[in-house]
Amino acid sequence: MNESRISVRYSRALFQSALEKKILDRVYQDMVVILEVCKLPEVKELLANPVIRPARKSGVLHKLFEKDLHQLTLSLVDLVVKNSRENYLPAIARVFVHDTLIHKGVTESVLTTAVKVDHGVRKQVIDLITRMFKTRVDLKENIDEKIMGGFILKVGDTYIDASVRNRLRRIRKELRAASIL
């Protein structure tokens, strides 16, 4: 079974349980915490290490999460470790977060700019996305000086590249094509 199928199955089971128990928001916050903690190099190493016994991994994860996570989320962590699927934990959390946002009618969007945008511009972008895509928006911001100026906006599957770097790339391509003729 491939990674995405495993992640989706565990995530969907947790999603259904959280929905039935009316604790979806709480479990969503738990999965965000798990996503962040799983980015730590030490935790990545723990999850990927086949030499460490499952009971030991479970103990370490309980120490990390016990105070922050709901019992339902902790039981998922235990089940994942028990079934030797702990290295899928970040992917399970990612799928859960994505599915929860879809369930709530929120579209994840990413705005990449060369410099940090001010609050007014951020609000204009959110309003524009809300009007165009008729959805609520969860806007993440990235700063990438390599784009030189302009912006790159990703809304769901839609990708708009209005960066200076992209324009220069297109001009270079056109000039090369013209000189070949």
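The values are calculated or read from the model by the stated rules, or taken from the named source; none is laboratory data. Fair warning: this is a prediction, and the values are worked out from it, not measured in the lab. All Cβ positions, even for glycine, are placed from backbone atoms using ideal geometry, and neighbour counts span all protein chains on display.
Inclusion of Val117 among residues that are surrounded by 11 or more Cβ atoms within 10 Å (Cβ to Cβ) and out of contact with any Ser or Thr (no Cβ under 9 Å at 6 or more places or on another chain) is warranted. With respect to the conditions (1) out of contact with any Asp or Glu (no Cβ under 8 Å at 6 or more places or on another chain); (2) in a helix (DSSP H, G or I); (3) among the basic types (Lys, Arg); (4) over 20 Å from Ala162 (Cα atoms), Lys67 lacks only one, and its number is (2).
Could you say whether any residue in the range 54-74 is out of contact with any strand residue (DSSP E or B) (no Cβ under 8 Å at 6 or more places or on another chain), at pLDDT 90 or above and closer than 11 Å to Ala93 by Cα? So far as the range 54-74 goes, yes, one or more of its residues are out of contact with any strand residue (DSSP E or B) (no Cβ under 8 Å at 6 or more places or on another chain), at pLDDT 90 or above and closer than 11 Å to Ala93 by Cα. Exactly one residue out of Gly150, Gly105, Gly156 is surrounded by 13 or more Cβ atoms within 10 Å (Cβ to Cβ), of a type in the set (Gly, Ala, Ser), in contact (Cβ under 8 Å) with a residue 12 or more places away in the chain and at positive phi, and it is Gly150.
Does Glu36 fit the bill of being without any contact (Cβ under 8 Å) to a residue 60 or more places away in the chain, exposed (fewer than 13 other Cβ atoms within 10 Å of the Cβ), over 19 Å from the mean Cα position of the chain (by Cα) and within 23 Å of His103 (Cα to Cα)? Judged against the criteria, Glu36 is not a match. Any chance the range 85-96 includes a residue that's of a type in the set (Asp, Glu), assigned to a helix (DSSP H, G or I) and in the same structural domain as Cys38 (by TED's automatic domain parsing)? Among the residues of the range 85-96, at least one is of a type in the set (Asp, Glu), assigned to a helix (DSSP H, G or I) and in the same structural domain as Cys38 (by TED's automatic domain parsing), which makes the answer yes.
All conditions in (1) more than 23 Å from Thr158 (Cα to Cα); (2) out of contact with any helix residue (DSSP H, G or I) (no Cβ under 6 Å at 6 or more places or on another chain); (3) not in a helix (DSSP H, G or I) hold for Ser75, with the sole exception of (3).
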